[in-house]
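The values are calculated or read from the model by the stated rules, or taken from the named source; none is laboratory data. What you see is a predicted model, and the numbers here were worked out from it, not measured in a lab. Here the Cβ is made from the backbone with ideal geometry for all residues, glycine too, and neighbour counts use every protein chain on show. For accessibility, only protein heavy atoms count, side chains too; no ligands or nucleic acids. Shrake-Rupley method; radii C 1.70, N 1.55, O 1.52, S 1.80 Å.
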Protein chains: 2
Amino acid sequence: MARRTKEDAQKTRELLIEAAENVFFEKGVSKASLNDIAVAAGVTRGAIYWHFKNKHDVFEAMIERLKTPLEMLHDAIEHPDEPDPLGRFRELIIYLTQQISRDPRRRRVYEIMFLKCELTEQNEPLGSKHRQAFLDGTVRIRKALESALKRGQLPADINIEQAIVQLHVQLTGLIYMWLLLPGSFDFEREAEHIIDTYFYALQHCFGADGLTCGG
Amino acid sequence: MARRTKEDAQKTRELLIEAAENVFFEKGVSKASLNDIAVAAGVTRGAIYWHFKNKHDVFEAMIERLKTPLEMLHDAIEHPDEPDPLGRFRELIIYLTQQISRDPRRRRVYEIMFLKCELTEQNEPLGSKHRQAFLDGTVRIRKALESALKRGQLPADINIEQAIVQLHVQLTGLIYMWLLLPGSFDFEREAEHIIDTYFYALQHCFGADGLTCGG
DNA sequence: CTATACATACATTCGTGTATGTATGTATCA
DNA sequence: TGATACATACATACACGAATGTATGTATAG
């Protein structure tokens with residue numbers, strides 16, 4: 001029971017990441033031992049130390065495997081020929097939320113990152129990655145809104161920074177709350193409601209100095 | 001170095017909780033050892049095991065110390081004689097967000113609970129408490145909105161469930177994002193913006209079947 | 001034959017829980 | 001009022017398991 005073919009080794013690696021996902025999910029990242037992961041994958045710690053440096057390395061590999069091919073969609077939104085960037089952006093957000101609610105693996109990893117993982121200074125660069133993911137999200141939202149603005153899909157006097165934060169906040173809260181209390185509401189339904197309300201408010205309520213249309 | 005007066009003992013207990021807050025914050029709950037906490041408090045583990053059962057017990061004591069006297073304010077909102085429940089509710093939310101941003105201890109504990117603590121099944125009843133806090137929040141939001149509804153401050157055909165989720169989601173996301181990226185926006189400012197936009201949308205956009213006034 | 005892909009064995013560290021030691025506060029009684 | 005007895009508030013010491021990293025063994029693919 002030793003060295004098999006190259007593909008078998010790669011398969012073992014995938015198995016280990018899969019097992020790590022499950023163990024991280026069940027016990028939390030810090031209480032998950034490498035032995036737990038190895039046993040869950042049907043191997044020993046030797047296999048882990050062959051493929052990875054340590055637990056952090058396994059964790060990062062798990063995250064890396066989830067790198068989304070969403071960039072293309074973002075590129076489409078930002079393309080100057082796109083006639084309806086706001087519509088594409090809406091579609092993208094819907095797609096993102098559907099991904100989270102329908103792809104079990106993605107959901108598991110999100111749940112691990114939001115609820116079963118400690119972001120401390122000692123645990124860097126774990127927190128940095130998480131933060132960077134959020135900063136990237138901000139950049140994407142900004143680009144999308146700016147494209148929509150250039151296309152005349154948004155009021156010219158809109159407060160972009162405020163709009164960015166508000167959308168990001170709502171998506172973050174939506175995902176967090178659903179991961180924490182999955183049964184408390186219909187995720188995809190609420191996602192649509194929130195996005196539509198947000199876009200409506202974008203059209204009517206975001207003057208340069210806060211709420212300018214009522215209240 | 002032994003038994004001092006009752007008040008001294010109580011002081012030691014407070015010191016230990018204070019130290020635990022700092023150590024939890026710096027190292028994360030699971031990587032914080034009881035020795036770390038004891039040293040940070042200038043005592044030994046013996047003192048901890050005298051005052052608490054184990055690390056979980058320390059954690060719960062830390063949470064317990066934060067129990068807010070917000071109930072009174074909620075009671076005021078729900079009081080049938082209150083002429084402006086929606087206004088009081090807005091004040092309450094503003095007050096809550098100000099508390100988080102201005103009280104360092106409260107902020108630290110929130111940060112520990114959101115970012116530096118793993119909510120797993122094995123870690124119960126830690127996750128249960130966190131979830132229960134959210135469920136309590138839902139109940140409070142519902143009561144406030146219902147009071148406002150009875151007072152005629154909201155459209156009669158409003159979709160209450162949707163409104164509850166949307167507010168809770170926004171507050172959650174706001175707090176989470178600010179704890180994760182404190183420098184990325186002005187917390188109190190955005191809190192007001194979000195609340196005002198939300199209340200405006202409440203007045204105009206929440207028909208029984210989603211968005212009914214535009215988009 | 002040699003590097004690979006693991007399994008096995010070992011040493012070490014770290015955290016926990018508990019048992020025990022100890023000095024001081026406090027109540028009791030004379 | 002002072003001596004005694006006991007409870008309190010810790011500190012210290014010990015035993016144990018668990019997790020880690022590494023060193024080494026080993027069978028097989030190429």
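Within the stretch A:79-87, the presence of a residue that is among the charged types (D, E, K, R), part of a helix (DSSP H, G or I) and open to solvent by 20 Å² or more (accessible area, probe 1.4 Å) is excluded. Check whether at least one residue in the stretch B:126-144 is farther than 29 Å from A:Y110 by Cβ, of a type outside the set (D, E) and surrounded by fewer than 18 Cβ atoms within 10 Å (Cβ to Cβ), and report yes or no. Within the stretch B:126-144, one or more residues are farther than 29 Å from A:Y110 by Cβ, of a type outside the set (D, E) and surrounded by fewer than 18 Cβ atoms within 10 Å (Cβ to Cβ). How about the stretch B:1-45: which of its residues are within 12 Å of DNA strand D (Cβ to nearest atom) and assigned to a loop (DSSP other than H, G, I, E, B)? Hits for the stretch B:1-45 are B:M1, B:A2, B:R3, B:R4, B:T5, B:S30, B:K31, B:S33, B:G42, B:V43, B:T44. Under the condition of being in contact with a Phe, Trp or Tyr (Cβ under 9 Å, 6 or more places away or on another chain) and facing another protein chain (nearest Cβ under 8 Å), the residues counted in the stretch A:184-198 number 5.
With respect to the conditions (1) part of a loop (DSSP other than H, G, I, E, B); (2) among the charged types (D, E, K, R); (3) within 10 Å of chain A (Cβ to nearest Cβ), B:E124 lacks only one, and its number is (3).
From the list A:E78, A:E60, A:E118, the lone residue that is touching a helix residue (DSSP H, G or I) at 6+ places or on another chain (Cβ under 6 Å) and touching a residue at least 24 places away in the same chain (Cβ under 8 Å) is A:E78. Here B:I112 clears all of (1) modelled with pLDDT of 95 or more; (2) touching a strand residue (DSSP E or B) at 6+ places or on another chain (Cβ under 7 Å); (3) not hydroxyl-bearing (S, T, Y) except the condition numbered (2).
Restricting attention to the stretch B:142-183, the residues being over 27 Å from A:K129 (Cβ atoms) and at the interface with chain A (Cβ under 7 Å from one of its Cβ atoms) number 4.
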